[in-house]
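Taking it in order: structure first as structure tokens, then the write-up.
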Amino acid sequence: MLRLTELRLPLDHAPDALRPAISQRLGINESDILSYHIHKRSYDARKVSAIMLIYVVDIDVKNQDALLHKFRDDINVKPSQIWLTPLLLKHPLIFNTDRLWLVLVLWYFGCLAIGANGF
């Protein structure tokens with residue numbers, strides 16, 4: 001999954017304009033986009049006459065490795081960072097019960113380190 005940041009669209013854009021904007025920004029066909037999820041939407045109102053919506057989008061595409069290589073110097077196209085949730089910890093394909101104690105110990109000491117540093 002890729003994370004595309006700084007995708008700018010006009011404030012009054014059509015709801016279905018996001019997929020074409022993603023394909024144009026990445027230089028791929030719309031059919032190569034398997035799915036996408038809006039991670040964040042914000043407003044750029046520095047110019048009152050031209051208010052823009054700025055999207056951060058997680059995209060599942062075909063040939064992800066080729067796109068990552070193509071945009072290796074672009075800071076706005078990077079692999080998506082997917083955080084593990086407690087529900088994923090129970091999934092047998094991700095963590096089996098033999099390694100669950102290790103995950104919990106690492107999580108515990110990570111929380112201690114964050115608390116000790118005042119974050």
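The values are calculated or read from the model by the stated rules, or taken from the named source; none is laboratory data. On a predicted model such as this, the values are computed, not experimentally measured, just so you know. When the accessible area is computed, the model is the full protein with side chains, heavy atoms only, and any ligands, DNA or RNA have been set aside. Shrake-Rupley method; radii C 1.70, N 1.55, O 1.52, S 1.80 Å.
Here are some notes:
- Between amide H atoms placed 1.01 Å from N, distances below 5 Å from TYR36 occur with ASP60, all of them 5 or more places distant or on a separate chain.
- In Å², nearest 10: area of TYR36 left accessible to a 1.4 Å probe: 80 Å²
- Phi-based couplings in Hz for segment 8-16 (Karplus 6.51, -1.76, 1.60; Gly and Pro marked x): 9, 9, x, 4, 9, 6, 6, x, 8
- Computed accessible area, LYS40, all protein chains, 1.4 angstrom probe, square angstrom: 110 Å²
- ARG25, ARG3, ARG72, ranked by accessible area, largest first (probe 1.4 Å): ARG72, ARG25, ARG3
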